[in-house]
1. What is the one condition in (1) surrounded by fewer than 14 Cβ atoms within 10 Å (Cβ to Cβ); (2) at pLDDT below 95; (3) closer than 20 Å to Phe144 by Cβ that His3 does not satisfy?
2. Pairs needed: first member in segment 88-108, without any contact (Cβ under 8 Å) to a residue 40 or more places away in the chain; second member anywhere, part of a strand (DSSP E or B) and surrounded by 13 or more Cβ atoms within 10 Å (Cβ to Cβ); C-beta distance under 7 Å; at least 6 residues apart or different chains.
3. When you go through (1) touching a His at 6+ places or on another chain (Cβ under 6 Å); (2) surrounded by 16 or more Cβ atoms within 10 Å (Cβ to Cβ) one by one for Val86, which number turns out not to apply?
4. Which residue is surrounded by the fewest Cβ atoms within 10 Å (Cβ to Cβ), if the candidates are limited to segment 18-69 and must be closer than 15 Å to Ala91 by Cβ and hydrophobic (A, V, I, L, M, F, W, C)?
5. Across segment 63-75, what is the number of residues that are at pLDDT below 95 and either part of a helix (DSSP H, G or I) or closer than 21 Å to Gly120 by Cα (or both)?
6. So, in segment 105-128, how many residues would count as being of a type outside the set (S, T, N, Q) and closer than 18 Å to Leu69 by Cβ?
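The values are calculated or read from the model by the stated rules, or taken from the named source; none is laboratory data. Note that the structure is a prediction, hence the values are computed from the model and not measured. Heads up, the Cβs are rebuilt from the backbone with ideal geometry, glycines too, and the neighbour counts pull from every protein chain shown.
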Amino acid sequence: MSHDARWFMAVAQMFGIETANRLNQTAAHEEGKVEAQRIVRALNLPSIASISDYLLVQEIIIGLLGPDLLDYRVVEVDEAAYQVHVQRCFAHENVSRVGLADQYECGVFARITGWLEALGLQYQMSPSLGKCLKAQGRECLYTFRFERESLSGGVPGR
């Protein structure tokens, strides 16, 4: 992920933080779609029929891509929703180090939305993507609620 930080800083310096944020979120989301598809296909993962199934896939993806980048916990709220509580985040640390935390818009969860899209899951996310919650002095806590019909054993393994 060191390339991500360098790329983000280069774009911010050349074109401004707003452009860097917009491009970062777009690139992270699109990368998330590609990496989820590749990992699911390479590991021949089964279709997702429940929150637990999705959370297992999410753990596999995070485990392969960089388990040391975040300290977080996941809580299943009910059969259609879960929450992610991030205690430590590499992106927040990096933008804080260079003095851009108060302007940074989260790219980590943009990547996760790419995973969800690639897996064919319809969801609502609260809060929506925007400024880094940690930089605002808030808890980094996101809730994802799946539409029940999307948990019917779609995309993986295709």
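1. For His3, the exception is condition (3).
2. Arg88/Leu70
3. Status for Val86: all satisfied but (1).
4. By that ranking, first place goes to Leu65.
5. Total meeting the criteria: 3.
6. Step one: filter segment 105-128 for residues of a type outside the set (S, T, N, Q), giving 105-112, 114-121, 123, 125, 127.
Then drop every residue that is not closer than 18 Å to Leu69 by Cβ, which leaves 105-112, 114-115.
Residues flagged as of a type outside the set (S, T, N, Q) and closer than 18 Å to Leu69 by Cβ within segment 105-128 amount to 10.
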